[in-house]
Amino acid sequence: MTTFRQAAVESAREAGAFLKERLHADHRIDFKGEINLVTEADRTSEEIITSRIQKLFPDHDVMAEESTNITRGAEYRWIIDPLDGTTNYAHGYPLFCVSIALQRMGEVILGVIYDPMFDELFVAERGEGAFLQGREIHVSTTERLIEGLVATGFPYDVRENCRDTLAYFNEMIPKVQAIRRIGSAALDLAYVAVGRFDGFWELRLQPWDTAAGWLMVEEAGGVVTDLNGKPYSLESPSIVASNAMIHEELMDVLDQASSMI
Ligand code: IPD
Ligand code: CA
Ligand code: CA
């Protein structure tokens, strides 16, 4: 596992350093959808990560957001978001990260999230805990939702499909201390793991957005489900993560909103 961890950490650091250096450069922006951007930096970051991973582990499968999809039914599969927070990045807003996860026979066993601007490296290994800069991290101890700082995000189809997103958001506002929308789902999950956020929910994320952060939250003592309270999977159409203590309250508010959609 150490080799896997080392490969993920080194790739994330190298890609992160590249992204940091290019942040304020002129970006070539292409559109995957009306508000779904991709820059040349996303693609180069992906190339940095996948070339290293494929060289070290040529038999492994790879699912990376921008182009690489190698599916051979291998025992191991890497799931990579080379730049989580592209809209922030394209605007020079310095909140983004690299997210790399490794699955073994379908189970996520390793998650690495690297924020190059704060030089914060989050690492989780199944059964071994979650760590920030090598120090073990834990979810917050906030017991009541009203005292919680929670985060959410808006999916890329929000223009066509904003009813559900807004219903959850509206219902949550008066029930929490404050809500943040930072623009990087992987960092949202890392921040739940380290106790900066007490909870997080979002609809219609992709496996590369959540794979590493999901493990991070669980290894830090938190809980991750879908909006129906079922255990989270990478195919789930929604995610709800929390410090465990406020999960029930968080779910109650989201359920209340669901009943009005
Ligand atoms: C996006 C970010 C954002 C979330 C979007 C994601 P990207 O990923 O994680 O916070 O709200 O749904 O797609 O496109 O920047 O990698
Ligand atoms: Ca993403
Ligand atoms: Ca991305």
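The values are calculated or read from the model by the stated rules, or taken from the named source; none is laboratory data. Values in this document were obtained by computation on a predicted structure and should not be read as measured data. Here the Cβ positions follow ideal geometry from the backbone for every residue, glycine too, while neighbour counts run over all protein chains shown.
A few comments on the model shown:
- Residue match in region 44-64 (condition: closer than 30 Å to ASP26 by Cα, assigned by TED's automatic domain parsing to the domain that holds ALA15 and assigned to a loop (DSSP other than H, G, I, E, B)): no
- Within region 87-107, the set of residues being surrounded by 24 or more Cβ atoms within 10 Å (Cβ to Cβ) and within 16 Å of ligand 1 (Cβ to nearest atom) comprises TYR89, PHE96, CYS97, VAL98, SER99, ILE100, ALA101.
- Unmet requirement for SER67, which otherwise passes all of (1) over 19 Å from ARG104 (Cβ atoms); (2) in a strand (DSSP E or B); (3) of a type outside the set (Asp, Glu): (2)
- Test: residue in region 43-59 that is touching an Asp or Glu at 6+ places or on another chain (Cβ under 9 Å) and either within 13 Å of ligand 2 (Cβ to nearest atom) or under 20 Å from TYR232 (Cα atoms) (or both): yes
- Any hit, region 222-230, residues being of a type in the set (Ser, Thr, Tyr), assigned by TED's automatic domain parsing to the domain that holds GLY183 and touching a His at 6+ places or on another chain (Cβ under 9 Å): yes
- Criterion (within 15 Å of ligand 1 (Cβ to nearest atom), of a type in the set (A, V, I, L, M), part of a helix (DSSP H, G or I) and out of contact with any Asp or Glu (no Cβ under 7 Å at 6 or more places or on another chain)) met by exactly one of ALA167, ALA190: ALA190
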